[in-house]
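**Student:** Can you keep this structure in mind? I'll have questions shortly.
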Amino acid sequence: MITACLFDLDGVIVDTARFHYKAWRRLAAGLGFGFTEHDNERLKGVSRMRSLDILLETGGMTGRFTDTDKQKMADVKNGWYLEYVAAMTSSDVLPGVTDFIADLRRHGVATALASSSRNAEVILRRTGITALFDAVVDGNDITRAKPDPQVFLTAASRVGAGPGGCVVFEDAEAGVEAAVAAGMRCVGIGSAERLSHADAVLSGLEGVDYEYLKKAIDHE
Ligand code: B16
Ligand code: MG
């Protein structure tokens, strides 16, 4: 039984991961070190301040800055990120997302956004998809970021669903871990090797509908 589907934002609904990467790489360049796409994988799904710590660790700069310096760096990165986001339109919604969510709702499945990002609302507005979700839970509503299950448990309770009836869609390892910790089923979006703890892995949501989802996660 599927009562609710909970969607991660970056990497599942929209491809903002490339904007996060561009902004973090720009910050790293300013600090004098390179930051590769491979390095960036570790930042997916985790909070802004944890991302900064991982970035500084990659550049061998752990412990070099005060908390105030780090807050300033995170603010600068976020300013650049928001400049990139300001140029987004409805064409940035990933293929299949709108049709899939509409089909879920036709079948009476509740839908919620469950993102670690504090910028989720602005991204939903820019791309015109706020109305696709019965509830929106983001980085402003939680105190513990993924891999903690808090964001998914909060989203489930907002739509009145128990964890056992929820299916999470996630592109980050930290997010899959969070879904498993919440006692929910999880569809990974991306590489099966990287997201090996998910119940099923898809390359994206294009062509996916409610019936397809039921078959994909049906292990019983
Ligand atoms: P912000 P998600 C996450 O969003 C991103 O994957 C992660 O890379 C980012 O650091 C985090 O949001 C915080 O984002 O700086 O915008 O608050 O994948 O959970 O939708
Ligand atoms: Mg993500």
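The values are calculated or read from the model by the stated rules, or taken from the named source; none is laboratory data. Quick caveat, the model's predicted, so the values are computed rather than measured. Cβ: placed from backbone, ideal geometry, glycine included. Neighbour counts: every protein chain shown. Please note that ligands, DNA and RNA were not included when accessible areas were found on the heavy atoms of the full protein model with its side chains. Shrake-Rupley method; radii C 1.70, N 1.55, O 1.52, S 1.80 Å.
**Student:** For the condition touching a residue at least 24 places away in the same chain (Cβ under 8 Å), within 11 Å of ligand 1 (Cβ to nearest atom) and out of contact with any Lys or Arg (no Cβ under 6 Å at 6 or more places or on another chain), what is the one hit in Ile101, Ile129, Ile123?
**Tutor:** Matching residue, one of Ile101, Ile129, Ile123: Ile123.
**Student:** Hey, another quick one. Starting from residues that are more than 16 Å from ligand 2 (Cβ to nearest atom) and in contact (Cβ under 8 Å) with a residue 12 or more places away in the chain, keep the ones in the range 28-52 and report whichever is surrounded by the most Cβ atoms within 10 Å (Cβ to Cβ).
**Tutor:** Going through the qualifying residues, I end up with Ala28.
**Student:** Leu9 - would you say it is within 14 Å of ligand 1 (Cβ to nearest atom), open to solvent by less than 30 Å² (accessible area, probe 1.4 Å) and modelled with pLDDT of 95 or more?
**Tutor:** It is true that Leu9 is within 14 Å of ligand 1 (Cβ to nearest atom), open to solvent by less than 30 Å² (accessible area, probe 1.4 Å) and modelled with pLDDT of 95 or more.
**Student:** Got a sec? Which of Ala120, Ala145, Ala192 is within 16 Å of ligand 2 (Cβ to nearest atom) and open to solvent by 10 Å² or more (accessible area, probe 1.4 Å)?
**Tutor:** Checking each option against the conditions leaves just Ala145.
**Student:** Checking Val76 against (1) open to solvent by 50 Å² or more (accessible area, probe 1.4 Å); (2) more than 14 Å from ligand 1 (Cβ to nearest atom); (3) among the hydrophobic types (A, V, I, L, M, F, W, C); (4) in a helix (DSSP H, G or I), which test does it fail?
**Tutor:** Going through (1) open to solvent by 50 Å² or more (accessible area, probe 1.4 Å); (2) more than 14 Å from ligand 1 (Cβ to nearest atom); (3) among the hydrophobic types (A, V, I, L, M, F, W, C); (4) in a helix (DSSP H, G or I) one by one, Val76 breaks only (2).
**Student:** Do we find that Thr62 is surrounded by fewer than 16 Cβ atoms within 10 Å (Cβ to Cβ), at pLDDT 95 or above and in a loop (DSSP other than H, G, I, E, B) in this structure?
**Tutor:** yes
**Student:** Further, regarding this structure: Take the conditions open to solvent by 20 Å² or more (accessible area, probe 1.4 Å), touching a residue at least 60 places away in the same chain (Cβ under 8 Å) and under 25 Å from Gln150 (Cα atoms) and apply them to Thr3. Does it pass?
**Tutor:** Considered against the rule, which asks whether it is open to solvent by 20 Å² or more (accessible area, probe 1.4 Å), touching a residue at least 60 places away in the same chain (Cβ under 8 Å) and under 25 Å from Gln150 (Cα atoms), Thr3 comes out as yes.
**Student:** Sticking with this one: Which numbered condition in (1) farther than 28 Å from Asp218 by Cβ; (2) touching a residue at least 24 places away in the same chain (Cβ under 8 Å); (3) open to solvent by 40 Å² or more (accessible area, probe 1.4 Å); (4) within 13 Å of ligand 1 (Cβ to nearest atom) is the only one that Glu177 fails?
**Tutor:** (1)
**Student:** Same structure again: Restricting to helices (runs of 4 or more DSSP H) lying wholly in the range 79-177: which have 1 or more residues that are acidic (Asp, Glu)?
**Tutor:** 97-106, 120-127
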